[in-house]
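Enquirer: Supplied in structure tokens, the structure appears directly below.
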Amino acid sequence: MNTAVVTTRFAPSPTGYTHLGNLRTALFNALLARAANGEFLLRSEDTDRERSAEKYLAALCDDLRWLGLDWDLGPGMEEAGGRGPFRQSERQAVYQAWFDKLSERRLAYPCFCSGEDLEKSRRAQRRANQAPRYAGTCRELAEKDIAERLLAGQRPTLRYRVADEGVVEFTDLAKGPQKFELADIGDFIIRRADGTPAFFFSNALDDSLMGVTHVLRGEDHLANTPRQIALLRSLGLAVPEYGHLSLIVGDDGKPLSKRKGAASLKKLREQGYLPAALNNHLFRLGHASDSGELMSLAEMSAHFDCARLGRAPARHDPVQLDHWQKLAVMKLSDAEVRTWLGAGASGDYLDGAVPADKEEDFIALVRANLQRPAEGAGWAKILFLDEPVTGATMVDGLSGIEAGFFETAIALWAKGHDSFRDFCGRLGEKTGARGKQLFQPLRLALTGELRGPELEKIAALMGKDRVARRLREAGKRC
Ligand code: GLU
């Protein structure tokens with residue numbers, strides 16, 4: 001028995017690594033449930049046995065936990081008061097019972113049409129300018145006919161018999177009122193010839209049997225919804241409320257897909273994106289938010305409202321994701337930054353590069369300049385490796401500098417000084433350089449970059465000798 005007022009679910013097909021579109025669906029369903037103190041279920045729609053793989057489900061579960069989107073019921077929790085199991089591949093007996101019920105009530109019938117027959121009929125419909133739908137060939141087959149074909153070894157699909165007239169109306173949580181004529185909907189397959197359930201059937205039936213009250217999913221499913229509602233209603237089963245989320249498009253305006261690896265969470269995690277960055281980015285994809293603050297999941301659920309779901313396509317802009325990443329890194333403690341830098345896809349980014357006694361100062365200094373852990377390795381190299389710093393930025397930046405500037409700097413540095421500020425002051429006096437003209441060449445000489453952490457602290461961490469060497473190297477390039 002389901003006693004929660006709001007029960008939502010995430011029902012992925014584990015046929016590949018999760019992309020942002022799926023995760024946004026998971027996030028919104030989790031938030032909707034949390035906002036109402038309800039339940040969030042995870043159901044694996046693994047009916048396509050060839051394409052589904054346990055490794056994808058495992059990766060997906062790991063991704064959801066990593067994002068903090070834990071579920072109340074899901075694969076592995078078999079009993080759950082008769083609502084499980086939560087892998088569709090384990091629910092064959094449940095489906096069979098409902099196939100039998102549908103057949104007994106003449107709400108479903110065996111269909112012997114071959115793929116070729118169906119294609120032929122669709123072509124004819126197109127020629128006649130009709131929308132392609134099942135022509136009803138097997139709708140009224142006599143019992144005797146059916147028995148003979150079965151005896152001859154033919155394996156039929158099972159089709160749901162859509163009522164000839166009537167309408168399906170519902171108010172979509174995101175898109176508002178919807179109305180579909182049943183006469184426009186052809187009878188659809190609910191069991192494939194190999195005995196496995198088809199999406200329309202298992203997806204709708206499971207939602208109802210598992211007590212799901214609200215379904216948020218991609219708008220590519222909107223056209224499926226009237227079929228699913230008709231099916232559930234004809235069986236006297238509870239129908240959830242549906243909300244269809246506008247699709248997420250990439251910078252090219254095209255929908256994101258699993259094949260577009262750039263947007264798979266696996267890749268983004270490997271690059272060091274943080275859960276808070278992803279959640280905040282996804283939260284704003286198709287859901288209006290007036291807060292520019294980095295929010296926790298609890299704050300997001302308090303703000304989540306179906307009335308704020310957008311109807312226009314949501315654009316995934318990597319620059320926005322980087323913005324949230326920056327804020328998420330800022331929120332980490334120094335110790336968390338250390339862990340983050342240590343957990344790169346290929347191991348510890350600081351591995352051996354930063355002397356142990358300098359690690360704390362290093363992290364405190366560079367963390368504001370990091371969006372990805374790999375950049376930490378870059379700064380470690382700049383600060384602690386003896387290799388000269390090079391690169392186009394440096395070559396360009398130093399091109400207009402007089403060699404005399406560095407000759408003076410080298411001499412002053414060798415002489416010693418009270419502080420870095422003191423050194424800069426004297427260098428300014430001797431060379432006449434001021435402000436940017438003074439600091440830019442120094443920064444380029446020490447780091448090879450135009451921007452970065454405070455120069456004085458960089459010099460202190462580098463140590464006197466390395467600074468001297470970098471000044472000499474820069475001098476040679478002028
Ligand atoms: N397994 C379906 C999918 O991944 C679920 C659709 C739905 O949420 O109803 O597209």
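Enquirer: Taking the Cα centre of region 209-252 as the origin, how large is its charge dipole in debye, to the nearest 20, when only Lys and Arg (+1) and Asp and Glu (-1) carry charge on their Cβ atoms?
Expert: For this selection, approximately 400 debye.
Enquirer: Using the Cα atoms of the chain, I'd like the radius of gyration and the largest Cα-Cα distance, Dmax, both in angstrom.
Expert: Looking at the chain, its Cα Rg and Dmax stand at 31.2, 107 Å.
Enquirer: Further question on the same structure: How many nm separate the modelled label positions at residue 290 and residue 267, each set 7 Å beyond the Cα in the direction of the Cβ?
Expert: My value for the distance between the label points is 3.6 nm.
Enquirer: If one computes the Cα centroid of region 321-359 and of region 406-464, what distance in Å separates the two points?
Expert: After rounding, the separation between the Cα centres reads 27 Å.
Enquirer: A further question on this structure: As a test of the definition: which semi-axes, in Å, follow for region 24-128 when you take the square root of five times each eigenvalue of its alpha carbon gyration tensor? Largest first, please. All intermediate terms of the calculation are to be shown ahead of the outcome.
Expert: Details: eigenvalues 245, 78, 48 Å².
Result for region 24-128: semi-axes of 35, 20, 15 Å.
Enquirer: Would you mind estimating how fast region 155-217 diffuses translationally, via Stokes-Einstein at 20 °C and 1.002 mPa s with the Kirkwood radius over Cα pairs, in µm²/s?
Expert: For these conditions, the coefficient is 158 µm²/s.
Enquirer: Rg and Dmax of region 62-199 over Cα atoms: what are they, in angstrom?
Expert: Expressed in Å, the Cα Rg and Dmax of region 62-199 come to 19.3, 57.
Enquirer: Here is a follow-up. How do 408, 47 rank when sorted from fewest to most other Cβ atoms within 10 Å of their own Cβ?
Expert: Least to most surrounded, the residues fall as 408, 47.
Enquirer: For each pair in 436/464; 55/266; 430/457; 55/267; 267/326; 120/144, compute the distance between the two Cα atoms and list the pairs where it is over 21 Å. Don't skip to the answer; put the middle values down first.
Expert: Details: 436/464 23 Å; 55/266 13 Å; 430/457 23 Å; 55/267 16 Å; 267/326 18 Å; 120/144 26 Å.
Table pairs above 21 Å Cα-Cα are 436/464; 430/457; 120/144.
Enquirer: Also, quick follow-up: For residue 172, enumerate residues with amide H under 5 Å from its amide H, sequence gap 5+ or separate chain, H modeled in the peptide plane.
Expert: 178
Enquirer: Grab the other residues whose beta carbon is less than 14 angstrom from that of residue 195, score K and R as +1, D and E as -1, and report the net.
Expert: Taking every Cβ under 14 Å from that of residue 195, the sum is +2.
Enquirer: Please get the size of the charge dipole for the chain, origin at its Cα centre, with Cβ charges of +1 on Lys and Arg and -1 on Asp and Glu, quoted in debye to the nearest 20.
Expert: 1080
Enquirer: Something else: Identify the trypsin sites (Lys or Arg not before Pro) of region 32-71 meeting these criteria: DSSP loop state and at most 10 other C-beta atoms within 10 Å of the C-beta.
Expert: 49
Enquirer: To continue, here is another question. Nothing charged except the Cβ atoms of Lys and Arg (+1) and of Asp and Glu (-1): what's the magnitude of the dipole of region 347-464 about its Cα centre? Round to the nearest 20 debye.
Expert: Details: 14 positive and 18 negative charges, 94 e Å.
For region 347-464, the charge dipole is close to 460 debye.
Enquirer: Are there chymotrypsin sites (Phe, Trp or Tyr not before Pro) in region 317-363 that DSSP puts in a loop and that have at most 16 other Cβ atoms within 10 Å, and which ones?
Expert: none
Enquirer: If you don't mind, another one. Which Rg and Dmax, in Å, describe the Cα atoms of region 343-478?
Expert: 15.0, 48
Enquirer: Using the charge dipole of the chain (Lys, Arg: +1 at Cβ; Asp, Glu: -1 at Cβ; taken about the Cα centre), state which of 69, 364, 273 has its Cα farthest towards the positive end.
Expert: Result: 273, furthest along the dipole toward the positive end.
Enquirer: Can you list residues whose amide H is under 5 Å from residue 187's amide H, if they're 5+ apart or on another chain and H is modeled 1.01 Å from N?
Expert: Correct list: 134, 162.
Enquirer: Further, regarding this structure: Which loop-located trypsin sites (Lys or Arg not before Pro) does region 419-478 contain, where loop means any DSSP state but H, G, I, E or B and the Cβ has at most 15 other Cβ atoms within 10 Å? Spell out each step's value before the answer.
Expert: Working: sites: 421, 426, 430, 434, 436, 443, 451, 457, 464, 466, 469, 470, 472, 476, 477; in loops: 434, 451.
Passing sites in region 419-478 are 434, 451.
Enquirer: Next question. Could you work out how far the C-alpha centroid of region 110-187 sits from that of region 1-62, in angstrom?
Expert: 30
Enquirer: Assuming 0.692 mPa s and 37 °C, estimate D for region 243-382 with Stokes-Einstein, Rh taken as the Kirkwood radius over Cα pairs, in µm²/s.
Expert: Values: Rh = 16.6 Å.
Diffusion coefficient, whole number: 198 µm²/s.
Enquirer: Which order do peptides 228-240, 170-182 fall in by mean Cβ count within 10 Å, highest first?
Expert: 228-240, 170-182
Enquirer: Taking the Cβ of residue 478 as the centre, find all other residues whose Cβ is under 14 Å away and add up their charges (Lys, Arg: +1; Asp, Glu: -1). Walk me through the numbers on the way to the answer.
Expert: Numbers: positive: 470, 472, 476, 477; negative: 396, 402, 407, 473.
That works out to 0.
Enquirer: While we're here: Would you tally the net charge around residue 49, using a Cβ to Cβ cut-off of less than 15 Å, leaving residue 49 out, and scoring K and R as +1, D and E as -1?
Expert: Summing Lys and Arg as +1 and Asp and Glu as -1 gives -1.
Just so you know, all these numbers are worked out from the coordinates, no wet-lab data involved. If you're wondering where the values come from, they're calculated on a predicted model, not measured in any experiment. Backbone-built Cβ (ideal geometry, glycine too); neighbour counts: all protein chains shown.
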